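Chemist: Dropping the structure in here first, questions after.
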Amino acid sequence: VPPWFLGITWPFPFQRIGVNFLREMPHALLADVPGLGKSLQTIAALEDHEGRILVICPNSLKFSWGNEILKWKPGADVVIIDGTKAERERKWRAAQICKYVIINYEQLLCDFDIISKFCNETHGFYAIICDEATRISNSATKTTKALKRLQAQKRIALTGTPISNSPLDCFGIINWISPRYLGSYYQFTEEYCVKEPRFNRIVGYRNLTDLGNRVSRFMLRRTKEEVLPDLPPKTIQNIEFELSLPEQKLYKSIKLLILSEIMKLEINKHTLPLIPVKMLRLLQVVSDPRLLGVQDIKSSKLEVLKDLLEPIIASDEKIILFTKFAEMAKILMKELAEHDPLLIAGEVSAKDRQKAVDLF
């Protein structure tokens, strides 16, 4: 492994194994669970190659990738393709002298002509890295088809969830890593899927042990429990609290309203998914009545949260708050303004997300 990799205060032994795996395999899927350093292992594995490396990732991770590369290799030539079309074209021209080029998946389609021209004018890419590779699990999408048209000597897929919905997910990823290794999509479904004869619809799966054995040729996956046994277990504490009387009254009225709406529904496969969506309103009431436009009822949950935060903030610890609702994040920003909170949400740009991460 690279001298700089051995010189840092870690890596852990499992990371050295990961680096060697990525180096030895012409194409590979690194499927370690989140938090085990997939990007670090990938950077180290490709370090001694002079060829250009294309990193494709979700837009929210582009600047994180750039920072990760520069963290371990200060002064590395990195270009992040971002901005207007004219700005992106300018950055692609600058990329001719850079080792690392970072784009998001959407740019595979909107900038494919620019990328093709770049490959024709240069020697193309030595390696292509697909981070959060579940984005290419569906081999029929335009994005996946565009990706397959890009040539590279080495292809590396990174994801902590190689199978997020069904065994079909791994077909798209492996089919990119090693085309035709699992046959065509039709051959794959014939071998590993159970189909309803009348409609030819997939209703189950079979031969999964064989599929696992075949996929393992390209895949390395480790969990935190396997490789970091010294880490303490996660502590989960449920905090119970009472809703105020106005909140209870609002909760009951909304529950009755939802029940009346459900009673009017003709329950079938189309309307059944609507029921959990309607019930989200109950969760919103408990989080903060303002999520439903009720301004004159205070949130008991918010008050409990503030009490919990006091000793943590007093001890100068860091806190990450998660919420299901974007509007709740805005409420938290307002209610906790005295602590100068940082926000990451869907409407926050990739650059501002990275600024928030760096400040945190």
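Chemist: How much length would be gained if the chain were fully extended between Asp358 and Arg90, taking 0.36 nm per residue of separation minus their Cα-Cα distance, in nm to one decimal?
Modeler: Residue separation times 0.36 nm, minus the Cα-Cα distance, leaves 93.8 nm.
Chemist: Can I ask one more? Of Phe218, Asn207, Val194, which is farthest on the positive side of the dipole of region 144-234, counting Cα position, with +1 on Lys and Arg Cβ, -1 on Asp and Glu Cβ, and the Cα centre as origin?
Modeler: Phe218
Chemist: Measure off 7 Å from each Cα along the Cα-to-Cβ vector at Thr141 and Glu50, then give the distance between these two points in nanometres to one decimal.
Modeler: 3.7 nm
Chemist: Output the peptides 215-223, 34-42 sorted from most to least packed, where packing is the average of other Cβ atoms within 10 Å over each peptide's residues.
Modeler: 34-42, 215-223
Chemist: Assuming a ≥ b ≥ c are the square roots of the Cα gyration tensor eigenvalues, decide whether region 194-245 counts as rounded (a/c under 1.5), prolate (otherwise, with a/b larger than b/c) or oblate.
Modeler: The shape class here is oblate.
Chemist: So between Val194 and Leu283, what do we pick up on full extension, going 0.36 nm a residue minus the alpha carbon distance?
Modeler: 28.2 nm
Chemist: Rounded to two decimals, what is Rg over Rh for region 210-309 when you use alpha-carbon atoms and the Kirkwood radius?
Modeler: Looking at region 210-309, the ratio lands at 1.22.
Chemist: Starting from the amide H of Ile202, placed 1.01 Å from N in the peptide plane, find each other amide H under 5 Å away whose residue is 5 or more places distant or on another chain.
Modeler: Residues meeting the amide H criterion: Glu196.
Chemist: Sum -39500 (n - 2.57) across every DSSP H segment of at least 4 residues in the chain, then divide by the residue count to get the 222 nm mean residue ellipticity, nearest 500.
Modeler: That comes out to -13500 deg cm²/dmol.
Chemist: On to the next question. Is there a pair in Lys71/Lys99; Lys154/Lys224; Lys99/Lys154; Lys38/Lys71; Lys71/Lys145; Lys62/Lys330 whose C-alpha atoms are over 22 Å apart, and which pairs would that be?
Modeler: Pairs exceeding 22 Å: Lys154/Lys224; Lys71/Lys145; Lys62/Lys330.
Chemist: From the square roots a ≥ b ≥ c of the eigenvalues of the alpha-carbon gyration tensor of region 92-172, which class results: rounded (a/c under 1.5), prolate (a/b over b/c), or oblate?
Modeler: Prolate.
Chemist: Treating only the Cβ atoms of Lys and Arg (+1) and Asp and Glu (-1) as charged, compute the dipole magnitude of region 34-123 about its Cα centre; round to the nearest 20 debye.
Modeler: 140 debye
Chemist: If each residue of separation counts as 0.36 nm, what is the full-extension length gain between Leu272 and Val203 once their alpha-carbon separation is subtracted?
Modeler: Difference between extended and current length: 22.9 nm.
Chemist: Okay, next question. With a 1.4 Å probe and all protein chains in place, put Ile313, Ile174, Ile344 in order of accessible area, largest first.
Modeler: Sorted descending by solvent-accessible area, the residues read Ile344, Ile313, Ile174.
Chemist: Turning to a different aspect of this structure: For the chain, report the accessible area per residue in Å² (1.4 Å probe, heavy atoms, rounded to an integer).
Modeler: 59 Å²
Chemist: How far apart, in nanometres, would the label points at Leu257 and Lys306 be if each is projected 7 angstrom from Cα along the Cα-to-Cβ direction?
Modeler: Modelled inter-label distance: 2.6 nm.
Chemist: So, with +1 on the Cβ of K and R and -1 on the Cβ of D and E, and no other charges, what is the size of the charge dipole of the chain about its Cα centre, to the nearest 20 debye?
Modeler: 1300 debye
Chemist: Still on this structure: For the ranges 107-116, 291-300, what's the packing order if you count other beta-carbon atoms within 10 Å of each residue, average per peptide, and put the highest first?
Modeler: Ranking the peptides 107-116, 291-300 by packing returns 107-116, 291-300.
Chemist: Going by a ≥ b ≥ c, the root eigenvalues of the Cα gyration tensor, does region 230-286 fall in the rounded group (a/c under 1.5), the prolate group (a/b larger than b/c) or the oblate group?
Modeler: oblate
Chemist: Take the solvent-accessible surface of the protein heavy atoms, probe 1.4 Å, and return the percent of it on the chain that carbon and sulfur atoms account for.
Modeler: That fraction is 55 percent.
Chemist: Please give, to one decimal in nm, the separation of the simple spin-label points placed at Lys324 and Ile236, each 7 Å out from Cα toward the Cβ.
Modeler: About 1.5 nm, to one decimal.
Chemist: For the chain, what value does the Rg/Rh ratio take when both radii are computed over Cα atoms and Rh is the Kirkwood radius, given to two decimals?
Modeler: Across the chain, the Cα-based Rg/Rh ratio is 1.02.
Chemist: In debye, nearest 20, what is the charge dipole magnitude of region 74-154 about its Cα centre with +1 on Lys and Arg Cβ and -1 on Asp and Glu Cβ, if you could check?
Modeler: Computed charge dipole of region 74-154: roughly 240 debye.
Chemist: Using amide H atoms built in the peptide plane, which far-off residues or other-chain residues are under 5 Å from Ile344 H to H?
Modeler: none
The values are calculated or read from the model by the stated rules, or taken from the named source; none is laboratory data. Quick caveat: nothing in here was measured; it's all calculated off a predicted structure. So basically every Cβ, Gly included, is an ideal-geometry build from the backbone, and we count neighbours across all protein chains shown. The accessibility values were calculated without ligands, DNA or RNA, using every heavy atom of the protein model including side chains. Shrake-Rupley method; radii C 1.70, N 1.55, O 1.52, S 1.80 Å.
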